[in-house]
1. Expressed as a whole number of Å, what is the distance separating the alpha-carbon centroids of the stretch 183-201 and the stretch 10-35?
2. Return the Rg/Rh value of the stretch 129-170, two decimal places, where both radii are evaluated on C-alpha atoms and Rh is the Kirkwood radius.
3. Determine, for I150, I17, the number of other Cβ atoms within 10 Å of each Cβ, and report the residues in order from fewest to most.
4. Just order 153-163, 136-146 by mean Cβ neighbour count inside 10 Å, highest at the front, would you?
5. Could you tell me the largest-minus-smallest coordinate of the C-alpha atoms of the stretch 104-143 on each of the three principal axes, in descending order and whole angstroms?
6. Can you tell me, using C-alpha contacts under 8 Å and at least 6 residues apart, the relative contact order of the chain as a whole percent?
7. Can you give the calculated 222 nm mean residue ellipticity of the chain, where each DSSP H run of n ≥ 4 adds -39,500 (n - 2.57) and the sum is split over every residue, rounded to the nearest 500 deg cm²/dmol?
8. Could you line up R64, R56 from fewest to most neighbouring Cβ atoms inside 10 Å?
Amino acid sequence: MSLLQTASRVLFIGDSITDAGRDRGDPRDLGGGYPRVVAQTYAENSEGGPVTFLNRGISGNRVRDLRERWQADCLDLKPDVVSIMIGVNDTWRRYDSGDPTSVEAFGRDYRAILQATVDNSRAALVLVEPFLLPVRPGQDSWREDLDPKIAVVRRLAADHDATLVPLDSVLTHAATTRAADELAADGVHPTPAGHALIARTWLETVDAQPQTPIAW
């Protein structure tokens with residue numbers, strides 16, 4: 001059964017990829033990225049009951065930032081489904097600021113927010129892989145930092161019976177058939193086409209129901 005068939009409130013949380021320029025003064029605003037595309041597509045195509053979608057992405061966040069705001073921005077909202085996409089800034093800050101996040105610290109903080117959710121709610125967990133499409137000079141080297149963090153996300157999904165959205169694999173494959181910068185102009189932040197592909201991948205993985213194709 002689709003997770004959305006039994007859900008009334010779905011929370012998207014993460015960094016700028018999820019934030020997508022949302023109006024933080026409006027708690028219902030979904031921003032201009034994949035959360036909005038998911039919500040619109042689901043509303044247009046679902047035969048199930050109404051679902052409220054919420055966005056609590058904040059640009060620049062790392063997993064330790066999510067841990068600090070988890071109570072207010074997740075648990076207090078009482079979602080039925082929690083979708084988390086985090087990790088690229090935990091890698092990026094190593095290369096642009098000399099401020100790395102170790103794999104151990106990444107795993108510790110990620111596991112803490114998942115355990116807090118399991119202990120304090122009945123929400124289903126959806127873990128979305130962080131991704132990187134090397135576009136800029138030097139970004140290929142980021143893989144040595146990001147790949148172990150993606151492995152952590154996959155392991156945590158298995159440990160917590162969470163749905164894993166294999167986004168890095170999907171986008172990496174998509175970049176073999178079209179230019180990577182058409183999906184993420186800087187290798188990290190999705191273009192409209194990139195957001196559409198993320199939304200389609202999310203719905204195919206989480207909803208598992210026929211959808212009108214999303215153009216990307």
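1. One Cα centre to the other: 15 Å.
2. Value, to two decimals: 1.05.
3. Arranged by neighbour count, lowest to highest, I150, I17 become I150, I17.
4. 153-163, 136-146
5. Ordered largest first, the stretch 104-143 gives principal extents of 44, 21, 9 Å.
6. Once divided by the residue count of the chain, the mean separation gives 24 percent.
7. Calculated at 222 nm, the ellipticity per residue is -13500 deg cm²/dmol.
8. With the fewest neighbours first, R64, R56 line up as R64, R56.
Each value in this text was obtained by applying a stated rule to the coordinates, not by laboratory testing. This structure is a prediction, so every number in the text was calculated from the model and none was measured. When we count neighbours, we look across all protein chains shown, and the Cβ atoms used for this are built from the backbone with ideal geometry, even at glycine.
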